[in-house]
1. Within the stretch 199-212, how many residues turn out to be modelled with pLDDT under 75 and either within 29 Å of residue 285 (Cα to Cα) or crowded, with 17+ Cβ neighbours inside 10 Å (or both)?
2. Tell me, which helices (runs of 4 or more DSSP H) wholly within the stretch 276-386 include 1 or more residues that are at pLDDT below 85 and touching a helix residue (DSSP H, G or I) at 6+ places or on another chain (Cβ under 9 Å)?
3. Show the residue pairs that are 6+ apart or on different chains and have beta-carbon atoms under 8 Å apart, the first residue being within the stretch 466-488 and under 14 Å from residue 164 (Cβ atoms), the second being modelled with pLDDT of 90 or more and part of a helix (DSSP H, G or I).
4. Which of the residues spanning the stretch 526-579 are outside any helix (DSSP H, G or I), free of Cβ contacts under 8 Å to residues at least 40 places away in the same chain and buried (at least 17 other Cβ atoms within 10 Å of the Cβ)?
5. Look at residue 155 and say whether it is under 28 Å from residue 480 (Cα atoms) and part of a helix (DSSP H, G or I).
6. Among the residues of the stretch 18-49, write down those that are part of a loop (DSSP other than H, G, I, E, B) and closer than 22 Å to residue 270 by Cα.
7. Mind checking which pairs have a first residue in the stretch 301-316 that is closer than 17 Å to residue 175 by Cβ and a second that is in a loop (DSSP other than H, G, I, E, B) and modelled with pLDDT of 85 or more, Cβ under 8 Å, 6 or more apart or different chains?
8. What's the total number of residues in the stretch 165-180 that are surrounded by 19 or more Cβ atoms within 10 Å (Cβ to Cβ) and more than 22 Å from the chain's Cα centre (by Cα)?
């Protein structure tokens, strides 16, 4: 620890907690923390020091809107859920925590949302959607609201998920419309999100003239998100009551999706304080959904049970609108199936990235082989059942399964190493052998990716190609998907090197992979939306970058627009800067990536 705290707090004349490499005071304010042992050049008692003081004051003012994101309500007593369904630690109380601390107070509170959240709509659970799809609420949209919904579908949703281009046979993004209209809470939140997104576009295009519009939209959005969380709190008991999630599956999927989408917005505006609680709640809903359908499949007969994800997908098929006739070779997926596949992909990625920051094994690791595969090249495990029920991450987040699975395996290895070291029986030879298996598969797949043609999933041709945009958007996405996959793979190799050899940024292997990531990010035309999808690997490479590579790392982030929706990339650069300032203070034997990502008491989720 720096004996006198960071230079930012000293200049601001605040008490520093001396928690390096980023103190909690600066982190809470979302400002730059100058935490170094040596005195910075600008500490001269003169003009440069006054300029820095003014710069910090301006930074505090600029980050004020982002500190107003709703961070949950005061701690409340957790409400007991149905004990008939056994839960495993550490998630047993995840839904109770989410329902109590982050969605409102304990049981028995039936006051409308507007009583607890000023400005939120007064809606009781009975006005929200029922799991029964036969009774649907027709959306009451004005012309303006209809335009905002289209804005969400055409601009905001593709910005957050640029690789998600569902085919006509999958009914495009029709499921997103169903997802919005089936829940009044999500509908109102969607309108507020679109209003804020529209105000950002106005400000970007026409400057500060629309600052007032943005502030009004922001305040409305905060109020609506509070109301949405309140409504979710009201619905959780009915979804998790007797019968469990399996009997309320469509609504459970919708609640899980609401949590994940709102969390995506929070991270987009650089708010990470609630990430761990929200992720735990979504993980528990997902786990309960899989466990419930797997138990139902087991009860139907003694035959071998299918993958629980596949069972859940089959069960959700029956909740969709009836297909006109039973085609022998094709059945259109229901909106619930499309939503569950999409949100499951987001959750699996979030879980993997979170595990690297927490220093733990991914909580959904046991499902990776059946849903994502075992980390082999995609073409080596292709099959009809795989096409029907597994998840292809490249179609949703841009990164192919094998690269993401490699990160998960390294995270699991890191957790195993820490457990063994804590127990005093770490076998270094066994660590090296386990790492060698991961590295061999990773290097083989990375070599194939560097010489591979366009992604299989986007290069398949059919009669439906006539509807592909003539501007080459599909081929451009395929190229960028392969690029994103390679970036993740190089970051996985860096992660593995740190786990096995410690913090060695000067090693030849580390420098090679950092240089590869930099080349891919700086010499290719990546859109800003696509850059969001590589925030984690960008941060990994940046933390291990050499001093001469720092300007290149900064250049990747310069000029990003709109800055208000690129929080993960900006946070990644903030983490890098903190590591760079502390180079001389890091212990190569104990410092690791989890230490880089460790925020002041909360999870930093770079997704």
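1. 2
2. Passing ranges, in order: 308-317.
3. That search, which allows pairs on different chains as well, returns 481/394.
4. First pass over the stretch 526-579, keeping only residues outside any helix (DSSP H, G or I): 526-527, 533-534, 544-546, 558-562, 566.
The next check asks that each one be free of Cβ contacts under 8 Å to residues at least 40 places away in the same chain; those that pass are 558-560.
Hits for the stretch 526-579: nothing passes.
5. Working: under 28 Å from residue 480 (Cα atoms): yes; part of a helix (DSSP H, G or I): yes.
For residue 155, the condition - under 28 Å from residue 480 (Cα atoms) and part of a helix (DSSP H, G or I) - is met.
6. Residues satisfying the conditions are 19, 20, 21, 22, 23, 30, 31, 32, 33, 34, 35.
7. 316/334
8. Matching residues across the stretch 165-180 total 1.
The values are calculated or read from the model by the stated rules, or taken from the named source; none is laboratory data. Everything numeric in this text was worked out from a predicted model, so none of it was measured. Ideal geometry is used to build each Cβ from the backbone, glycine not excepted, and the neighbour counts take in all protein chains shown.
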